[in-house]
Amino acid sequence: MIMAVSKTVKLVKIPGLLRYHEGLKLQQRLWNLSKNHRLNYLIMCEHSPVYTFGKRQSKTDLSGEFQRLQGAGAECYATPRGGLTTFHGPGQLVCYPVLNLRNFKHGAKWYVNQLEELVISTCYQMGVRAERCEHVGIWTGNNKICALGVNIRARCTTHGLALNCNTDLEWFDKIVPCGIAGRGVTSLSRETGREVGVEEAGEVLVREFQKVMECSVVT
């Protein structure tokens, strides 16, 4: 049977603060649906405070680092995504596209490029000039405004991006964000000089997602 190609993406907005392990379980459930039925989803949420570690770190002994960071009041998880250590928490817009790339007729390189374009375009619409650099993520000058880390299995995506809106940036002082020394972090609120919340940024991002991915987002 030939399955119809769909570029419709179901928006899944999670109210309140989502614990990281619950987000992992949700991604896995939707990944199974995406793989088996060629469906597409866009999860949008805010996490309770958590530090996550990329797959390059997962094979090392992180117990001491976990203990130190848990003492600061955050959970810690080793994950299968790309990248190194980062923070997720209140005031940060986290987006997990769960897409079957067969529907988009493109591969991993295209997908990562489009995610970068999505963030740059979203920031631009909110009055912030953001760009790529030699490091992973999206930057404003010397400061990272959005972390990126994806996992692709069976041509279906999980994990995604974390855009700082009105995040308490002091959480990042406890780590070397994404393993990049000598650089800082910033947020939409800091860059615009006004309070920019997750809800406002999320509305802009969904609009830009439809343009960049050439798809329709439905609720």
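Couple of notes before you dig in:
- Test: residue in region 187-204 that is surrounded by fewer than 18 Cβ atoms within 10 Å (Cβ to Cβ) and touching a strand residue (DSSP E or B) at 6+ places or on another chain (Cβ under 7 Å): no
- So VAL218, is it loosely packed, with under 15 Cβ neighbours inside 10 Å, in contact (Cβ under 8 Å) with a residue 24 or more places away in the chain and aliphatic (A, V, I, L, M): yes
- Residues that are assigned to a loop (DSSP other than H, G, I, E, B) and either under 18 Å from the mean Cα position of the chain (by Cα) or at pLDDT 95 or above (or both), drawn from region 124-140: MET126, GLY127, VAL128, ARG129, ALA130, ARG132, CYS133, HIS135, VAL136, GLY137
- Hits in region 132-147 (condition: open to solvent by 20 Å² or more (accessible area, probe 1.4 Å) and within 17 Å of GLY54 (Cα to Cα)): HIS135, VAL136
- Note on region 24-45: residues that are open to solvent by less than 30 Å² (accessible area, probe 1.4 Å) and on the phi > 0 side of the Ramachandran plot amount to 0.
- The selection criterion, being under 22 Å from LEU84 (Cα atoms), open to solvent by 20 Å² or more (accessible area, probe 1.4 Å) and in contact with a Lys or Arg (Cβ under 6 Å, 6 or more places away or on another chain), does not hold for ASN113.
The values are calculated or read from the model by the stated rules, or taken from the named source; none is laboratory data. Remember, it's a predicted structure, so these values are computed and weren't measured experimentally. Cβ sites come from the backbone with ideal geometry, for glycine too, and all protein chains shown count toward neighbours. Heavy atoms of the whole protein, side chains included, go into the accessibility calculation; ligands, DNA and RNA do not. Shrake-Rupley method; radii C 1.70, N 1.55, O 1.52, S 1.80 Å.
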